[in-house]
Structures are given as C-alpha cells and as structure tokens.
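Bear in mind these aren't lab numbers, they're just calculated from the coordinates by the rules spelled out. Bear in mind the structure is a predicted one, so any value in this text is a computation, not a measurement. Here the Cβ positions follow ideal geometry from the backbone for every residue, glycine too, while neighbour counts run over all protein chains shown.
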Amino acid sequence: MKKLGDKILKNIGGVIVAIVFLVLGLIVGAIYQSKTPVLIDEKIRYSELLNWITTMSIGVIIGYYLKNKYENNKIIKNFLLEDLKNISVQLVTVKSYCFELRSVISFSEEQRKEIISQVNVLDKKITIFLNLLKDCDSSKHLEINETLINGLNSLNKKLTSDGLYENPIQQFYFDEIMSESSKFEGEVRKIMLNIIRNM
Amino acid sequence: MSMEIKYRINIAKDFSPYPAGRYRTEGKSSGEAFLNDHLMAKLFTAINQNVMLEVDLTGMNGYPSSFISGSFGKLTFELGKLIGKKEASELVLKHIAFVCNDSNAKVKAFTDEISNPITKK
C-alpha cells in the first residue's frame, strides 16, 4: 500500500499535466462546438444501411453459426477418433491373445470361447462407431461401413474357422490371423487419417 | 409385394447364444445341430408355402464362421448339387430374412456364406 502511495506521489507531476490538458481539450471542444452549428443529415442512405446490416450478419454467422459448427464438428471428430482408437486396441488384444496361444497344440473349449468372444467385442465396438458415423456423416458412412465390415468378416473367418478345432493346430492358422489382423489394422488407420483430414 | 413372414428363429434364444463349430462332434451348439434340428424343417416348409423365414441374429456371442458354414453354407451347398449353385443361393436368400439389432457385420457374413457356400464335406 505504501509502495503504491509512493509511486503515485512520484508521478503526481505527470498526472497533473495530463489532467490540465484534458480539461483544456474539453474547454476548447465545447467552445468550438458552440460556434459551429450541428447539421443533421436527414437523408437515409440505404447502401450504408445495407452495408451495416451485411457486416452485422457476417459477424453473427461467424460468431455463432460457423464457430458453433466448428466446435461441434471438433467434438464429434474426437468421439469418432476415440471409437476408432478403441477398435485398434481391441484388434491388438485379439492378436496378442492368439499370439500367446501359438505354442498350444490344440485349443481348449474355454480358449475357443474366448477367441469368439474377443471377436464379438470387436464387432460391438465397430457397431458403436458405425452407428455414430451414420448419425453425423451419412456420406462417409457407406464407404467406411463396407471397409470395416469386410475387414471384420475376413478376420472373423480366419479366427473362427475350422482351424480353431484342428488337432494339432496348423501353423498357418496363426500366420493367416497375423496377416489378416495387420491388414485390418492398416484399414482402421486409413479411416482415422481420412477422418482427421476430411471431417 | 414382399412375402409374409410366417416362421421365425432366434438363434440365441431358440438354439444357443454361444453357437460354435461345424459338426456335432465339436459341440452341441454346432452348425450341424442347428441345421438338422432347427433350420432345415422351417426353411423347407417356408419354401413349400412360399412364405419367409425370419432368422434373428441378435444376442449371439459372435458369429463363428465354422458354425455359419456348417449350417447355412452346408444347406445351400447341398441344395446346389440338386438345383444348381446359383439357383440354390437365390432360393435360400429369397425365403430367409435376416434380422440383427446389435451388429452391422453379422447379416453380411450370413448372406455372403449363402451366396458363396464353402463347405468341407
């Protein structure tokens, strides 16, 4: 508080000069205005009115409509990318689970059920993503829907084929799964990129 | 005009929520068991009466390809030996309406199998 007081006292000269000039300016302005009659232009200039309304409209569009649209799109985009990330994570989980079983001679009933369940979880995550995409961007939905469903069905065919019941399990069963899931992972990444770039 | 849906099968409720395997030797929820105990009779009756059979896939825990191939694939494949592959696929698809509320991929997997049945025996 004391410091502030000292600072004001130090600059008091400057403050007084500023006030003096302000008062002088006001007096000069008042004298000039009293001697010059104020002219009111009663003519309505529609071009200026139009200009003013246009400026206001553009301001409103930019301020509310475009800004809100941009922010909503950003939120939806984040949701879609989050869903795609979940699909990728689940895909890695399925792949890792199968990779862990490479040394097994034949699958137990529980292991078979687990593989089928993992694909089911993947299917559900894809359905959630596709339903959201359909609601917010139907133009992209058709193409992405086909890519994802074909990818999932191809992987499901390899994972839950007769190879699941072979005794001993053939090595190419695992090789096909690795190849198919990597291909599918690539497709998911491409879709991610497509959404980041074009939505 | 679309055909009347007269028969219905909900795989999860009427058969098993965990269908898996091709042959009965691979489990009691196999494709062979579903084909012989549920699908064949209802589908042939539907074809005979010129009505539809609705197959509801909702609630199934996955859709194992060995099950699909051992049931719908096997039926279309065997029918194809009698009336021709293309005709068999068309006939089966004409009389079956698939419904699924929880997956976008299941219906396509089943219809793809009927259109192009691949079976072991």
What is the distance, in nm, between label points placed 7 Å from the Cα along the Cα-to-Cβ direction at A:Ala30 and at B:Lys6? 10.3
Which FRET efficiency value, to the nearest 0.05, is calculated for B:Leu93 and A:Ser96 with the Förster distance at 41 angstrom and r the Cβ-Cβ distance? 0.65
Where labels lie 7 Å past Cα in the beta-carbon direction, separation of A:Lys69 and A:Phe21 in nm: 4.9
Provide A:Ile75, A:Ile126 in ascending order of the number of other Cβ atoms located within 10 Å of each residue's Cβ, fewest first. A:Ile75, A:Ile126
Calculate the FRET efficiency for B:Met40 and B:Asp102 from the Cβ-Cβ distance with a Förster distance of 30 Å, rounded to the nearest 0.05. 0.70
Over what distance in Å are the Cα centres of region A:76-97 and region A:36-68 separated? 50
Computed for the protein assembly as shown: size of charge dipole around the Cα centre, +1 on C-beta of each Lys and Arg, -1 on C-beta of each Asp and Glu, debye to nearest 20, value 1060
Cut-off is 10 Å between beta-carbons; in what order do A:Ser34, A:Ser181 appear when sorted fewest neighbours first? A:Ser34, A:Ser181
At A:Asn51 and A:Ser138, where each label point lies 7 Å from the Cα along Cα→Cβ, what is the point-to-point distance in nanometres? 4.4
Which one, B:Tyr63, B:Leu79, B:Ala109, is farthest towards the positive end of the dipole of chain B when Lys and Arg carry +1 and Asp and Glu -1 on their Cβ? B:Leu79
Based only on other Cβ atoms within 10 Å, what is the fewest-to-most ordering of A:Cys136, A:Cys98? A:Cys136, A:Cys98
Can you list the DSSP H helices in chain A whose Cα atoms extend at least 24 Å along the helix axis and whose mean Kyte-Doolittle hydropathy is 1.6 or higher? A:12-35
Cβ-Cβ FRET estimate between A:Ser117 and A:Asp41, R0 fixed at 51 Å, reported to 0.05: 0.05
Hey, in the GNM for chain B with a 10 angstrom Cα cutoff, which one of B:Thr45, B:Thr111, B:Thr76 fluctuates hardest? B:Thr45
Fluctuation leader among A:Gly13, A:Gly186, A:Gly163 - chain A, Gaussian network, Cα springs under 10 angstrom: A:Gly13
Treat every Asp and Glu Cβ in chain B as -1 and every Lys and Arg Cβ as +1, leave all other atoms uncharged, and give the resulting dipole magnitude about the Cα centre to the nearest 20 debye. 280
Using only Cα atoms, locate the centre of region B:42-101 and the centre of region A:98-154, then give the distance between them in Å, rounded to an integer. 23
